Structures are given as structure tokens and as C-alpha cells.
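The values are calculated or read from the model by the stated rules, or taken from the named source; none is laboratory data. A quick note: this is a predicted structure, and the numbers were derived from the prediction, not measured. With ideal geometry, Cβ positions are generated from the backbone for all residues, glycine too; neighbour counts draw on all protein chains shown.
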Amino acid sequence: HPLGPVDYAHRERSPLTESTVDGGQCSIGRAIAIMEQLRERETAIPSFITVSDTLPGGTTASFLSTVDRELWFCIHHMIHHNAIIASLMFELGLNPPTEFAYAPSTIKLAHDLAK
């Protein structure tokens, strides 16, 4: 049986996580703890997951995906958020780390072109 469903449009929101560093760090800590518990129990995480989201026009659709693909989506989505953070840093006169907010493929291409 697939894991889920995970509903991206109707996920539980956490204003504290979304608006404070402490809240964000706490949520990250909880996620790490959950993964460590799964590893300690040697619980097999199902390979497949059902996800749903709202499509243009307002209809909802469900899709069969894989846990690996959804985790990669989260990482890629984080890059999008990091790009917003980088823009704010520049506005404040701060310089983000050189490869901050770039997709791994963009970083690899830059390194390959520099050779």
C-alpha cells in the first residue's frame, strides 16, 4: 500500500515555523527525530506515496509518486525559498554564500564550464 495521502494544498500550517527562526529550527529537529526513530526501528518506508494538490481551475487531483521523488521535490522547493532569502540578503547589503540558492545542476554546470 502506498504511503499517504499527502495533500500539498491542505497541509497543516505552522505560523511559528513559517515566521521565526526558533520555530523553523524546532520543526527541522522534529523531522530529523522522526527519521531517526524510523531508522532505529528499521521500519521500511514504503516506496510509493499518494499525493494530491489543487490544479489550475480549482480541481483536485491525486497522483501516485515515490517517496524519493517527493523528498527531492522538497529539496528543490527549498532552493526556491533560498533564492528569496538571497534576494533579501542582497537588499540588506549581505552576501549569501557563493552557491546558496542554486540548483545542484546549475552548480555542476558552472564548475564544468570553469574547467
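Points worth noting:
- Residues that are modelled with pLDDT of 95 or more and out of contact with any Phe, Trp or Tyr (no Cβ under 9 Å at 6 or more places or on another chain), drawn from segment 86-99: 87, 88, 90, 91, 92, 93, 94, 95
Here's the yes/no breakdown for (1) loosely packed, with under 12 Cβ neighbours inside 10 Å; (2) in contact with a helix residue (DSSP H, G or I) (Cβ under 6 Å, 6 or more places away or on another chain); (3) hydrophobic (A, V, I, L, M, F, W, C):
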{"position": "18", "(1), (2), (3)": "yes, no, no"}
{"position": "22", "(1), (2), (3)": "yes, no, no"}
{"position": "56", "(1), (2), (3)": "yes, no, no"}
{"position": "93", "(1), (2), (3)": "yes, no, no"}
{"position": "96", "(1), (2), (3)": "no, yes, no"}
{"position": "102", "(1), (2), (3)": "no, no, no"}
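- Flag for residue 70 being of a type in the set (D, E, K, R) and without any contact (Cβ under 8 Å) to a residue 60 or more places away in the chain: no
- Filtered residues of segment 65-115 (kept if among the small types (Gly, Ala, Ser) and under 30 Å from residue 50 (Cα atoms)): 65, 83, 101, 103, 105
- Residue that is in contact with a Gly (Cβ under 7 Å, 6 or more places away or on another chain), in contact (Cβ under 8 Å) with a residue 24 or more places away in the chain and surrounded by 11 or more Cβ atoms within 10 Å (Cβ to Cβ), where the choices are 49, 79, 45: 49
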